[in-house]
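Student: What follows is a structure written as structure tokens; I'll ask about it next.
The values are calculated or read from the model by the stated rules, or taken from the named source; none is laboratory data. Note that the structure is predicted; figures quoted are calculated from it, not measured. With ideal geometry, Cβ positions are generated from the backbone for all residues, glycine too; neighbour counts draw on all protein chains shown. Accessible surface areas use protein heavy atoms only, side chains included; no ligands, DNA or RNA. Shrake-Rupley method; radii C 1.70, N 1.55, O 1.52, S 1.80 Å.
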Amino acid sequence: MRLRLIAVGTRMPGWVQAGFEDYAGRMPRECPLELVELALPGRGKRPDKERLKVREAERLLSAARDARIVALDERGEQPDTQALATWLANWLAGGRDVALLVGGPDGLAPLCVQSAERVWSLSRMTLPHPLVRIVVAEQCYRAVTLLRGHPYHRS
């Protein structure tokens, strides 16, 4: 099973890439975390935000292929670490890839949220998209360490 973080946006600052790669590199072979970046659609001077979100949704869902879909959205569930570890254990047991979808600057289109098996909110606060990548990677790593009894997670 693979975890694929599929995110709209490219050309992130070096610290974002380094942070993501640090945690992704710690993931076990049976549960690698991969980043799939999708370019932002051209926005123009007066973008139709809803149409752009629909185009982003089509590209996100296409990149997710046959994976189990988890949408990252502010209106989703806010699991604690133990609950996330339980989600991960269930995903591992199912063996199917998991696609974690992160929308563009205007958020995810309803189509992505409706297509998701789970909707995950990292916080009630709005987080910048670059930071979301690092937080998701760290939390996935933390959940794996909790499942393995590794001392990284101390509660």
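Student: Here's a check for you: in the stretch 1-15, which residue that is over 18 Å from GLY25 (Cβ atoms) and free of Cβ contacts under 8 Å to residues at least 40 places away in the same chain is nearest to the chain's Cα centre (by Cα)?
Tutor: Among those residues, the one meeting the criterion is THR10.
Student: Could you list, in sequence order, all residues of the stretch 121-147 that are in contact (Cβ under 8 Å) with a residue 60 or more places away in the chain, surrounded by fewer than 20 Cβ atoms within 10 Å (Cβ to Cβ) and either within 22 Å of LEU92 (Cβ to Cβ) or in contact with a Phe, Trp or Tyr (Cβ under 9 Å, 6 or more places away or on another chain) (or both)?
Tutor: Hits for the stretch 121-147 are PRO130, GLU138, ARG142, LEU147.
Student: Residue check: is LEU101 among the aliphatic types (A, V, I, L, M) and touching a strand residue (DSSP E or B) at 6+ places or on another chain (Cβ under 7 Å)?
Tutor: yes
Student: Now, a different point. When the stretch 56-69 is examined, which residues are found to be within 13 Å of PRO110 (Cα to Cα) and surrounded by fewer than 17 Cβ atoms within 10 Å (Cβ to Cβ)?
Tutor: Correct list: GLU58 only.
Student: If you go through the stretch 56-79 one residue at a time, how many are over 12 Å from the mean Cα position of the chain (by Cα) and not in a strand (DSSP E or B)?
Tutor: Summing the residues that are over 12 Å from the mean Cα position of the chain (by Cα) and not in a strand (DSSP E or B) in the stretch 56-79 gives 12.
Student: Can you tell me which residue among TYR141, TYR152 is among the hydroxyl-bearing types (Ser, Thr, Tyr) and over 15 Å from the mean Cα position of the chain (by Cα)?
Tutor: Being among the hydroxyl-bearing types (Ser, Thr, Tyr) and over 15 Å from the mean Cα position of the chain (by Cα) holds for just one of TYR141, TYR152, which is TYR152.
Student: Since LEU72 meets every condition but one in (1) at pLDDT 95 or above; (2) open to solvent by less than 30 Å² (accessible area, probe 1.4 Å); (3) more than 30 Å from HIS150 (Cα to Cα), which condition does it not meet?
Tutor: Unmet for LEU72, out of (1) at pLDDT 95 or above; (2) open to solvent by less than 30 Å² (accessible area, probe 1.4 Å); (3) more than 30 Å from HIS150 (Cα to Cα): (3).
Student: Sticking with this one: I need the full set of residues from the stretch 43-55 which are farther than 14 Å from LEU108 by Cβ and either part of a helix (DSSP H, G or I) or modelled with pLDDT of 95 or more (or both), in order please.
Tutor: Of everything in the stretch 43-55, just one residue is farther than 14 Å from LEU108 by Cβ and either part of a helix (DSSP H, G or I) or modelled with pLDDT of 95 or more (or both), namely ARG51.
Student: Hey, another quick one. For the stretch 81-120, name all the residues that are acidic (Asp, Glu) and either free of Cβ contacts under 8 Å to residues at least 60 places away in the same chain or more than 23 Å from ALA39 (Cβ to Cβ) (or both).
Tutor: Scanning the stretch 81-120 gives ASP106, GLU117.
Student: So, in the stretch 82-116, exactly how many residues are over 30 Å from ARG154 (Cβ atoms) and either more than 13 Å from the chain's Cα centre (by Cα) or β-branched (Val, Ile, Thr) (or both)?
Tutor: 9
Student: Let me ask something else. Among the residues of the stretch 20-32, is there at least one that is modelled with pLDDT under 95 and surrounded by 16 or more Cβ atoms within 10 Å (Cβ to Cβ)?
Tutor: No, there is no match, as no residue in the stretch 20-32 is modelled with pLDDT under 95 and surrounded by 16 or more Cβ atoms within 10 Å (Cβ to Cβ).
Student: Further question: Test each condition in (1) open to solvent by 60 Å² or more (accessible area, probe 1.4 Å); (2) more than 12 Å from the chain's Cα centre (by Cα) for GLU37 and report the one that comes out false.
Tutor: Answer for GLU37: the failing condition is (2).
Student: Which is surrounded by 12 or more Cβ atoms within 10 Å (Cβ to Cβ), in contact with a His (Cβ under 6 Å, 6 or more places away or on another chain) and more than 26 Å from LEU147 (Cα to Cα), of GLY9, GLY103?
Tutor: Result: GLY9 is the single residue among GLY9, GLY103 that is surrounded by 12 or more Cβ atoms within 10 Å (Cβ to Cβ), in contact with a His (Cβ under 6 Å, 6 or more places away or on another chain) and more than 26 Å from LEU147 (Cα to Cα).
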